[in-house]
């Protein structure tokens, strides 16, 4: 189980980088040309991949590929929603709750014996 937590912790960290690479430029680089934002995003994404690839390799040793993917999606939503609400100032919507419930259902079905 320690390997699963190690993989999950690395995936959380990689998702923080990924979220900033994909969406951070919308807040900080709106006055810059798109290609400047793309180059900066690629630079941030490099760190995301340097963490994400080992995380998936570690996790794949003890989890099936579908389980690893569902874990990744749950982590992505867990990182993205606070980012969207707290950092980007997006309103909280009831739809976020429904999305979380759908993902919890996916976790249940993929991880049940």
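The values are calculated or read from the model by the stated rules, or taken from the named source; none is laboratory data. No experiment lies behind these values; they were computed from the predicted model shown. Methodologically, a virtual Cβ is constructed for each residue, glycine included, from the backbone with ideal geometry; neighbour enumeration extends over all protein chains shown.
Values computed for the structure shown
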read-out	value
Criterion (farther than 25 Å from residue 7 by Cα, modelled with pLDDT under 90 and part of a helix (DSSP H, G or I)) met by exactly one of 97, 86, 104, 77	97
Flag if residue 47 is closer than 14 Å to residue 10 by Cα, surrounded by 13 or more Cβ atoms within 10 Å (Cβ to Cβ), in contact with a helix residue (DSSP H, G or I) (Cβ under 8 Å, 6 or more places away or on another chain) and without any contact (Cβ under 8 Å) to a residue 24 or more places away in the chain	no
Near pairs, Cβ below 8 angstrom, 6+ apart or cross-chain, from region 85-113 (free of Cβ contacts under 8 Å to residues at least 24 places away in the same chain and at positive phi) to any residue that is surrounded by 12 or more Cβ atoms within 10 Å (Cβ to Cβ) and in a loop (DSSP other than H, G, I, E, B)	none
Residue list for region 50-65, filter: surrounded by 12 or more Cβ atoms within 10 Å (Cβ to Cβ) and part of a loop (DSSP other than H, G, I, E, B)	62, 63, 64
Pairs where the first residue, in region 23-36, is closer than 19 Å to residue 48 by Cα and the second is in a helix (DSSP H, G or I), C-beta under 6 Å, 6+ apart	25/37; 25/41
Flag if residue 36 is modelled with pLDDT of 95 or more and within 24 Å of residue 88 (Cβ to Cβ)	yes
Failed item, numbered, when residue 33 is tested on (1) surrounded by fewer than 19 Cβ atoms within 10 Å (Cβ to Cβ); (2) touching a helix residue (DSSP H, G or I) at 6+ places or on another chain (Cβ under 8 Å)	(2)
